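Notes to accompany the following structure.
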């Protein structure tokens with residue numbers, strides 16, 4: 001039997017839908033799809049830094065919002 005390399009699933013009893021779901025889950029967990037999407041087009045290093053910095057700021061704002069007390073309703 002030929003040894004399979006990389007991400008693969010076996011089809012059992014002709015159940016292709018189940019095998020496809022398993023394959024999609026493996027790809028999602030490994031992060032391959034995100035890498036392919038990121039490499040679809042070139043992003044300049046300065047733009048990449050700005051995007052990362054804005055994402056960090058958004059995460060921090062969300063964190064602060066979760067930590068704050070609710071507003072008074074009187």
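Data for the structure
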quantity: Qualifying residue in the stretch 15-33 (condition: without any contact (Cβ under 8 Å) to a residue 12 or more places away in the chain, on the phi > 0 side of the Ramachandran plot, more than 24 Å from the chain's Cα centre (by Cα) and assigned to a loop (DSSP other than H, G, I, E, B)); calculated: no
quantity: Restricting the stretch 36-58 to residues that are loosely packed, with under 10 Cβ neighbours inside 10 Å and in a helix (DSSP H, G or I), the residue that is modelled with the lowest pLDDT; calculated: 37
quantity: All positions within the stretch 61-70 that are over 20 Å from the mean Cα position of the chain (by Cα) and part of a helix (DSSP H, G or I); calculated: 61, 63, 64, 65, 66, 67
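The values are calculated or read from the model by the stated rules, or taken from the named source; none is laboratory data. Here the structure is a predicted model, which means the values were calculated and not measured. We place every Cβ from the backbone using ideal geometry, glycine too, and count neighbours over all the protein chains shown.
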